[in-house]
Amino acid sequence: MSRIGKQPVVVPSGVTIDLKEGNFLTVKGPKGTLSRQLVPDINVQVETEQILVTRPNNLKRFRSLHGLTRTLIFNMVEGVTKGYSKTLEINGVGYRAAKNGKKLNLTLGYSHPVEMEDPEGIDTTVEGNNKIIITGIDKEKVGQYAAIIRTKRPPEPYKGKGIKYSDEKIRRKAGKAGKK
């Protein structure tokens, strides 16, 4: 039995859950509304203060979808109550970020500045010149946008220049050994 799938999802006050036919789930909370089509084969039961997820049998497909479905529902409830955020840091001489309306302008050592438009439901803020904070209610979108920004200049192992997550550790390599 799935250890994560067995746990009920607690619904805090101020959050409304609407489960339609075919497992189409809508979660409304103080920060916004999220909707998702869940797998129709997994049983989702909405009670007054919790959501229970069960599987019809022990086939491998249902065992793998059991915990996933429960986690997706939990992330939706967590997102509309608290929200999610990721922090990126830019390291390198002359590397910086600036915010201009809904556009994020990155100077990353290329011959041109990199401009990125914030997706819908995602907000970015720049602290100083080298810290980008991405916030939103959808955990998947926040993580994906942070990954897209990071791919514009991933950190390199020799000097550590590039864009990295704030909690990421860069494994440094030694440079070339000199002649004797």
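Data for the structure
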{"item": "Helix-only CD estimate at 222 nm, as mean residue ellipticity for the chain, using -39500 (n - 2.57) per DSSP H run (n ≥ 4)", "result": "-7000 deg cm²/dmol"}
{"item": "Accessible heavy-atom area order of LYS152, LYS139, LYS60, highest first, probe of 1.4 Å", "result": "LYS60, LYS139, LYS152"}
{"item": "Accessible surface of the chain [probe 1.4 Å, protein heavy atoms]: carbon and sulfur percent", "result": "49 percent"}
{"item": "Set of aspartates and glutamates near LYS159 by C-alpha distance (under 20 Å), chain-local residues within fewer than 8 positions excluded", "result": "GLU89, ASP167, GLU168"}
{"item": "Extension gain, ALA98 back to LYS20 (0.36 nm per residue minus Cα-Cα distance, nm)", "result": "23.8 nm"}
{"item": "Per residue solvent-accessible surface (Å²) - the stretch 95-164, probe of 1.4 Å", "result": "56 Å²"}
{"item": "Alpha carbon Rg of the stretch 15-79, scaled by the compact-globule rule 2.2 N^0.38 Å", "result": "1.09"}
{"item": "Which of THR107, THR33, THR48 is most accessible, then next, and so on - probe 1.4 Å", "result": "THR48, THR33, THR107"}
{"item": "Rg [Å, one decimal], Dmax [Å, integer] - the chain, C-alpha atoms", "result": "21.2, 75"}
{"item": "Pairwise centroid distance, computed over Cα atoms, of the stretch 36-51 with the stretch 1-23, Å", "result": "5 Å"}
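The values are calculated or read from the model by the stated rules, or taken from the named source; none is laboratory data. As the structure is a prediction and not an experimental result, all values here were calculated from the model. Protein only, heavy atoms only, side chains kept; ligands, DNA and RNA dropped before computing areas. Shrake-Rupley method; radii C 1.70, N 1.55, O 1.52, S 1.80 Å.
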